[in-house]
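Report on the following structure.
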Amino acid sequence: MTITSCQNIGEAKTILNDWAGGITGYIADNTTIKIQKSINSGAIYAEQSCSGGISAGIMSGELYVEDCYNIGNINAGVGCVGGIVGNIDNTGEATSYLKIENCYNRGNIGNVNNHGGILGIVNNKTTLSYELKNNYWLSNCGAEYGIGNLNNDKDAIKKDATDLQKLADTLGDAFTNDIQDENKKWKYNEGYPILEWQLN
């Protein structure tokens, strides 16, 4: 399944449960999901664990998140919070693969266990794998690292507001610069990169 050019502006919240995401909850049953050119601006909250701006995470199958951004606030009651994806894990003998590419986050990240500017937690299992490429997060969003539990920023790079606003070309062809109206006010995203389809 492919989800493209989708935008969530509403709050997504789980009660007494895990897995809250702006575009999808968690991926399971060996499903392959591609989320492309999509945006979350709604607040995301999981009362237990695992919340992400674009997707809560994956338990089995394949999840590709490409050319997306989050500006919504992300939090959870216990932990496992990511600006783009909350968690990669699996159950039993299932395999999981996650790829996040050309994405950025400027939403606030809750100060809970395993919180990352891009990805909250990578569970240490041999039957899962992940790849991050060309991703960025706002330095004052509340995260310490791009990947929360691994304490690193590999291909999940911290940027201050001024630098993040200049990244449209770096993020790729799906992105463009925000524009100003006749009163010199930013029209779409407070001066941060937007997706090309937002201009149509």
- prompt: Among the listed residues 35, 71, 84, 54, which satisfies the condition of being out of contact with any helix residue (DSSP H, G or I) (no Cβ under 6 Å at 6 or more places or on another chain), at pLDDT 95 or above, among the β-branched types (Val, Ile, Thr) and more than 24 Å from residue 111 (Cβ to Cβ)?
  reply: 35
- prompt: Looking at this structure, is residue 13 among the basic types (Lys, Arg), modelled with pLDDT under 95 and either surrounded by 15 or more Cβ atoms within 10 Å (Cβ to Cβ) or on the phi < 0 side of the Ramachandran plot (or both)?
  reply: yes
- prompt: Name the residues in segment 80-117 that are touching a Ser or Thr at 6+ places or on another chain (Cβ under 6 Å) and at positive phi, would you?
  reply: 80
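Can you tell me which residues in segment 44-67 are part of a loop (DSSP other than H, G, I, E, B) and without any contact (Cβ under 8 Å) to a residue 40 or more places away in the chain?
47, 48, 59, 60
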query: Name the residues in segment 145-169 that are among the acidic types (Asp, Glu) and either surrounded by fewer than 16 Cβ atoms within 10 Å (Cβ to Cβ) or farther than 16 Å from residue 101 by Cα (or both), would you?
result: 160, 163, 169
query: What do you reckon, is residue 47 at pLDDT below 90, acidic (Asp, Glu) and touching a Lys or Arg at 6+ places or on another chain (Cβ under 8 Å)?
result: yes
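Quick check on segment 118-126. Is at least one of its residues at positive phi and not acidic (Asp, Glu)?
no
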field: Filtered residues of segment 73-97 (kept if of a type outside the set (D, E, K, R), surrounded by fewer than 24 Cβ atoms within 10 Å (Cβ to Cβ) and outside any strand (DSSP E or B))
entry: 73, 77, 78, 90, 91, 92, 94, 95
task: Could you grab the pairs with beta carbons closer than 6 Å, sequence gap of 6+ or different chains, first residue in segment 74-103 and more than 16 Å from residue 136 (Cα to Cα), second one of a type in the set (Asp, Glu)?
output: 77/47; 97/62
- request: Search segment 100-144 for residues being among the charged types (D, E, K, R) and surrounded by 16 or more Cβ atoms within 10 Å (Cβ to Cβ), and hand back the single one that is farthest from residue 74 (Cα to Cα).
  value: 101
statement: Scanning segment 53-72 residue by residue, those aromatic (Phe, Trp, Tyr) and surrounded by fewer than 19 Cβ atoms within 10 Å (Cβ to Cβ) turn out to be 64
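The values are calculated or read from the model by the stated rules, or taken from the named source; none is laboratory data. Model, not experiment: these values are computed from the prediction. Cβ atoms come from the backbone with ideal geometry, glycine included; neighbour counts cover every protein chain shown.
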